[in-house]
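The values are calculated or read from the model by the stated rules, or taken from the named source; none is laboratory data. Note that this is a predicted model, so its numbers are computed, not measured. Heads up, the Cβs are rebuilt from the backbone with ideal geometry, glycines too, and the neighbour counts pull from every protein chain shown. Only protein heavy atoms, including side chains, enter the accessible area calculation; ligands, DNA and RNA are left aside. Shrake-Rupley method; radii C 1.70, N 1.55, O 1.52, S 1.80 Å.
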Amino acid sequence: MAKASRYLGQALLYALFFLPIAWLTHQPTHTHLEPGMAELKIAVRHAGKIIGQCGTDNSAPEVLLPEHVTRPEICPRERSPLQLELLLDGETLYRATVAPSGLHNDGVSSMYRRFRVPAGRHHLALRMNDDAAREGATWELVAPIELAPAQVLVATFKEGFRLQ
Amino acid sequence: MKALLKKGFHQADRLFSNVFTPQWNPLYQLGALSFFYFWIVAITGVYLFIFFETSIHGAYASIERITHEQWFVGGVMRSFHRYASAAMGISVTLHLLREYAMDRYSGPRWFSWVTGIPLLWLLFAAAIGGYWLVWDQQAQYIAILTAEFLDWLPIMVDPMASNFLNESTLSNRLFSLLVFLHIGIPLALLLGMFIHIKRISAARTNPAKGLAAGTLLAMLAVSLWKPALSQAPANLDRAVTEVGLDWVFLNTYPLIDSWGPGQTWALLVGLSCLLTIVPWLPSRRPEQTPIAVVDPENCNGCGWCLADCPYEAVTMKEHDFKSGHQQSVVDPDLCLSCGICAGACPSSSPFRHVDELTTGISIPGFHIKELLSLTENKLAVLATGAPRIMLYGCDHGSVVEPMASDSVAAISMPCSALVPPAFVDYVLRKNLADGVVISGCCEGDCHYRLGNSWLEQRFSQERMPILRTRVPRERVRLRWLGEQGTAQLREEIDAFQRDLTAETVVTLQEAPNG
């Protein structure tokens, strides 16, 4: 093959390799969120109530303890899991039990979820129970919301639910 | 599927060899090209890092400044950084497909294959991390999805995605961490690449200079014509709706989007596991021949086999019974039975004055004695009309055995470099044949990596054992045409015979005067 035509061929093959790369690094576009949709995120990081109460350690016989020493208290470490519920317009979007972290279930409970919801007016209800000793929701937020297309509404928890 | 892939590669090989020449054929040096792209990415990355600001607002703004205010350097560097990484992704994928199609992954080669799988993960992780740093719409999209993807694994107490709830939850420290990861992961990748080539000798990590120069020129042209740009800046208070994606590295994100993290993890881990076990899957590839055997009686410890073994299977040790000498040792776990060592052994000479021809190192089934006997027997039955050709071929190159005729004797072996140069000398000197043709895999694409290169060097007296000067070079032809060049080889043998006939006529005509 003549030198010139060989170099021309090489230029063509280089172009065939790099031009698709240049195109593929940003095209075609991908639709992540349909028009008219918004996002609702819920992120909770909260330590549930301790399960049980502190009690006196009765393991040592009374006679073995010096007079000025009181019996030690034993406090349980395990925390209640979080019972979470998210309803939008009466429909359950999320309902789950979030276990505490840690080998002894004594850490915080953390969760995150993202939902795609239609933009517009909605009725939001968030409920959480963080105390295994009690029935029903210990925390609740019920509020009307209005979402613009592509808006991100975030529900977090810090001594109560908050919407951002 | 493998056969189809192989056929496709053969056709592409032919085109690229015609246009680029075999020495510059990019398909023969996909691994070396991947290394080359890596270095481009590394060097341009260092430049970009000098001007990059590791903060929420600084990240996007600094990259915009690099791209537009110094487009002639920074902008080009950024484009090189992006396009070279994408080119690396493609060359690595082609490299994997090619090694699979050409059956270059089983036996002792499992090590390179298996160590290549984590490199794919590291390469993708490095590229994805780089896209985060731009902190544009694409970065926002992949940051959230990557966090959700990783959160699916029960390893972190606090979900990583909580860092990307909205603008108020984003931290500058996150960008410092991202920069750290974007430097650390490529370093891990480089270490992995080093391990990947650990078991092969004379690993080719640099492409041919002409190909490297052409690649740089092509990238420069593309970078000037279509510079890499950012999309709109990230804004976590608004969801990403439509996003331009790098489909080379971010192709799994639409899957995460539609399937969810669990199924995508299952697909990626499943695919990786499947790729990892490929070397041990039953297939129709031929059984591996027995590994090389050293005969201490005939090994003089010269080390030529050690120098030529493409897989570092040969080492030297203290000789079993010759004090002060060394002898070769073959590691059975590394030997691919190519026989290149037997062709390198100085004892593999039919001119040796011994009762029974033997050698220092050989492949059972293709012992030098058997090869000589086969050569002599096949040549003995050739007719004397047309010039007699001894055709040695390799099992992975042009198919030579069907070319045997009453004037052509053909022997196929694991690798053509198994033929010691002394054999060619012997065949011609003893007038057993009028010409010798050695064929094999395409130039630069030897199934055993270095067979045809070593043979070329032995015949041009650049490598031991050499083909002696007395051998008439016009009666010897080395043809590296590969399996796809079988028909061409047949034509070239016919042409060689015609040349030999013409030469004989000329010699006969000159003889009365001379």
Carbon/sulfur fraction of accessible area - the protein assembly as shown, other protein chains in place, 1.4 Å, %: 60 percent
For the range A:32-48, 3J(HN,Hα) per residue [Karplus equation, 6.51 cos²θ - 1.76 cosθ + 1.60, θ = phi - 60°, Hz, x = Gly/Pro]: 8, 10, 5, x, x, 10, 9, 10, 10, 10, 10, 9, 10, 9, 8, 8, x
Relative frequency of Cα-Cα separations exceeding 30 Å in the range B:296-513, percent: 22 percent
Angle between chain B longest axis and helix B:56-68 axis [Cα atoms, degrees, rounded to 10]: 60 degrees
Estimated Rh, chain A: Kirkwood, alpha-carbon pairs, angstrom: 21.1 Å
Beta bridges by DSSP in the protein assembly as shown, antiparallel share as percent, to the nearest 5: 70 percent
Radius 11 Å from Cβ of B:ALA386, net charge of other residues (Lys, Arg +1; Asp, Glu -1): -1
Cβ-placed point charges (K, R +1; D, E -1), dipole of the protein assembly as shown about Cα centre in debye, nearest 20: 1480 debye
In the range B:59-137, the GluC sites (Glu not before Pro) that fall in loop regions by DSSP, at most 14 other Cβ within 10 Å: B:GLU69
Lys/Arg +1, Asp/Glu -1 at C-beta; the protein assembly as shown dipole; positive extreme among B:ALA307, B:VAL471, A:PRO61: B:VAL471
In Å, descending, principal axis extents of the Cα set of the protein assembly as shown: 122, 77, 43
Over chain B, relative contact order from alpha-carbon pairs under 8 Å, at least 6 apart, %: 12 percent
Cα-based radius of gyration of chain B once divided by 2.2 N^0.38 Å, which approximates compact folds: 1.21
Normalised contact order of the range B:197-352, rounded percent, pairs of Cα under 8 Å and 6 or more residues apart: 21 percent
Selection from B:PHE149, B:LEU96, B:CYS442, by position along the positive dipole direction of chain B (Cβ): B:CYS442
Cα-based convex hull, the range B:25-160, per residue volume (Å³, whole number): 139 Å³
Between 0 and 90°, nearest 10: helix A:3-24 axis offset from chain A longest Cα axis: 30 degrees
On Cα atoms only, tilt of B:368-380 relative to the major axis of chain B in degrees: 60 degrees
Relative contact order of the range B:296-513, pairs being alpha-carbon contacts under 8 Å that are 6 or more residues apart, as %: 18 percent
Environment charge of B:TRP71, counting only residues whose C-beta is closer than 15 Å and scoring Lys/Arg +1, Asp/Glu -1: +2
Prolate/oblate/rounded label for the range B:401-514 (Cα gyration tensor, a/c 1.5): oblate
Against the rule of thumb 2.2 N^0.38 Å, how large the Cα Rg of the range A:1-87 comes out: 3.02
Estimated [θ] at 222 nm from DSSP helical runs (n ≥ 4, -39500 (n - 2.57)) normalised by residues in chain B, nearest 500: -16500 deg cm²/dmol
